[in-house]
Structures are given as C-alpha cells and as structure tokens.
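Asks: After the structure tokens below, expect a handful of questions from me.
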Amino acid sequence: MAHALELIGERWAPLVLRELMFGPRRFSELRADLPGISANVLSQRLNELERRGLVRRRQLPPPASVQVYEATDWGLEAAPVIRALGRWAVRSPRHDPGLFVSAVSIMMSMQTMFDARRAGDLSARIGFRFGDVGYVADIRDGAIDIRRDEPAEVEVVFIAAPGAIAGVLYGGAPLETVDIRGDMELARRFITLFPLPSKVG
C-alpha cells in the first residue's frame, strides 16, 4: 500500500491518471479538465507518471500531428482503485458535491455507482455529448461498459455539461435541466441506476 501511494499518491497524480482512463488526451485538454492545477505541476505529474510506467506520450499521425498522453496498460489497471477510493470518499460528510466535474470524472462515477440490482435485465445503449466529446455506455447482463466514442446508434443521448448530468444523477435536479434526445422513458430509468452510498455517522 505504501508503494502504491508512492506511485500515485502525490497531489494531482491520481486525478491526472483518472483523466486518461478513457483514452489519450492533449496537455491542453488535461489542463482544462483539472481546474486549479498549474501548467508546471501538470507537467511534473505527467513526467513522474511516465517515469513510473503508468503514462506514456506519443505523437498522433497527420493531419493531427499533436502530442498526447495516454495511460499504459498497467496504468489502466488502476481504474478499479480510483473508483473504489471515489466510492469510499463520497461517504464523507465533508465531501463537496458542488466541485467541478469533468467529462471523464462523471463517466467514471457512473461506473463506480452503477447498481446491477436496479438495472436488472436492462439492455440499453446510452449516449452522452459534452461539447465536441462523446461517450457511449452499454448496459447489459447487469454491468455497464463506458467508452469515449461518438454517440451513434444509441437509444437516448444526454447533451449537457458534466456538472448538469451530475446534478440529475446525484443531486436531485430535474431531468428537464439537460437536453435529452431519444427514448425519454429509458432516460428516466437510467438516472435511477446510480444510488449514492449513505454518509458515515
């Protein structure tokens, strides 16, 4: 456990790694989705995670020709650890649900809070659109699989800021606060699949 904390325990390191869980990102994208981190600290954390074998950088082929960072296979194995820490920490009375939520963090929170018993035999393909970034959630056999992808051939699409989706899933905000295209009955059922654990005390 102590060595695990040496690998990812520094301030910002687990959040940087979390932001790479659904695919490669550019430095500017990471900076935008980690408000409060300086460019210098982000560079340090990426370099440290790279030296430790959790992150690698590569050049995208033309026409993009930009450098991106991505989690290594070993780095991706930390996803269950990050999800477990999130589920554990949300029980704290000091948890602030009003903090900034990135697209990656709201999608990972759905993986974390998904309740297989509530899903039952539901089989569905749900899309999400956050600006120019899309995600697809496949629900079947009591499990949820999420990937960054264009939300095509889905039954319903949620179009909103990540924080608005979090408000609907966890804060009791009405469904009408987000733009929904497609099967509204499925959308209403979908938002019930992510109950928060009770607070301690």
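The values are calculated or read from the model by the stated rules, or taken from the named source; none is laboratory data. Bear in mind that the values here come from a model prediction, so they are computed numbers and not experimental data. In this analysis, Cβ positions are derived from the backbone assuming ideal geometry, glycine residues included, and neighbour counts consider all displayed protein chains. These area figures cover heavy atoms from the full protein model, side chains too; ligands, DNA and RNA do not enter into them. Shrake-Rupley method; radii C 1.70, N 1.55, O 1.52, S 1.80 Å.
Asks: Please list, in order along the range 186-201, the HN-Hα scalar couplings obtained from phi with the Karplus expression 6.51 cos²θ - 1.76 cosθ + 1.60 (θ = phi - 60°), rounded to whole Hz, x for Gly and Pro.
Replies: 5, 4, 5, 6, 4, 6, 8, 8, 10, x, 7, x, 5, 6, 5, x
Asks: Compute the FRET efficiency between R56 and E150 as 1/(1 + (r/R0)^6), taking r as their Cβ-Cβ distance and R0 = 22 Å, and round to the nearest 0.05. Intermediate values should be presented prior to the final figure.
Replies: Numbers: r = 25 Å, r/R0 = 1.13.
My answer for the efficiency is 0.30.
Asks: Stretch T192-Q67 to full length: gain in nm at 0.36 nm per residue minus the Cα-Cα span?
Replies: Details: separation 125, 0.36 × 125 = 45.00 nm, distance 3.91 nm.
Difference between extended and current length: 41.1 nm.
Asks: Not counting the cut sites, what is the longest span of the chain without GluC sites (Glu not before Pro) that DSSP labels loop and that have at most 11 other Cβ atoms within 10 Å? Intermediate results must be reported in sequence, preceding the final value.
Replies: Values: sites that count: E77, E153.
With GluC sites (Glu not before Pro) excluded where exposed in loops, the chain gives 1-76 as its longest stretch.
Asks: Continuing with the same structure: Let me check against my output: what whole-number percent is the relative contact order of the range 27-117, with C-alpha pairs under 8 Å and at least 6 apart? Show your work: numbers first, answer last.
Replies: Details: 57 pairs, mean separation 19.6, N = 91.
Once normalised by length, the contact order is 21 percent.
Asks: Measure nothing fancy, just the Cα-based angle from helix 39-51's long axis to the longest principal axis of the chain, in degrees from 0 to 90, nearest 10.
Replies: 80 degrees
Asks: Over the range 63-201, average the accessible area per residue using a 1.4 Å probe and give it in Å², no decimals.
Replies: On the way: 7420 Å² over 139 residues.
That works out to 53 Å² per residue.
Asks: Explain nothing, just compute: Karplus ³J(HN,Hα) = 6.51 cos²θ - 1.76 cosθ + 1.60, θ = phi - 60°, for every residue of the range 19-24 in order, whole Hz, x for Gly and Pro.
Replies: 5, 9, 6, 10, x, x
Asks: What FRET efficiency comes out for the pair E10/R91, r = Cβ-Cβ distance, R0 = 35 Å, nearest 0.05?
Replies: On the way: r = 24 Å, r/R0 = 0.68.
Calculated value: 0.90.
Asks: Which label belongs to the value computed from this structure, given these candidates for Rg/Rh (Cα atoms, Kirkwood Rh): (1) 1.02; (2) 0.97; (3) 1.15?
Replies: Label (2) holds the value from this structure.
Asks: May I ask you to give the percent of accessible area on the chain that is carbon plus sulfur, with a probe radius of 1.4 Å? Let's see the in-between values first.
Replies: Numbers: 5880 of 10850 Å².
Heavy-atom surface of the chain belonging to carbon and sulfur, 1.4 Å probe: 54 percent.
Asks: Taking the Cα centre of the range 85-193 as origin, sum charge times position over the Cβ atoms of Lys and Arg (+1) and Asp and Glu (-1), and report the length of that vector in debye to the nearest 20.
Replies: Rounded to the nearest 20 debye, it is 480 debye.
Asks: Report the residue, chosen from R94, R45, R140, that carries the largest GNM mean-square fluctuation when the chain is represented by alpha-carbon nodes joined by springs under 10 Å.
Replies: It is R94.
Asks: Quick check for you: which residues of the range 75-113 have the amide N under 18 Å from the point 7 Å beyond the Cα of L122 toward its beta carbon?
Replies: The answer is 106-113.
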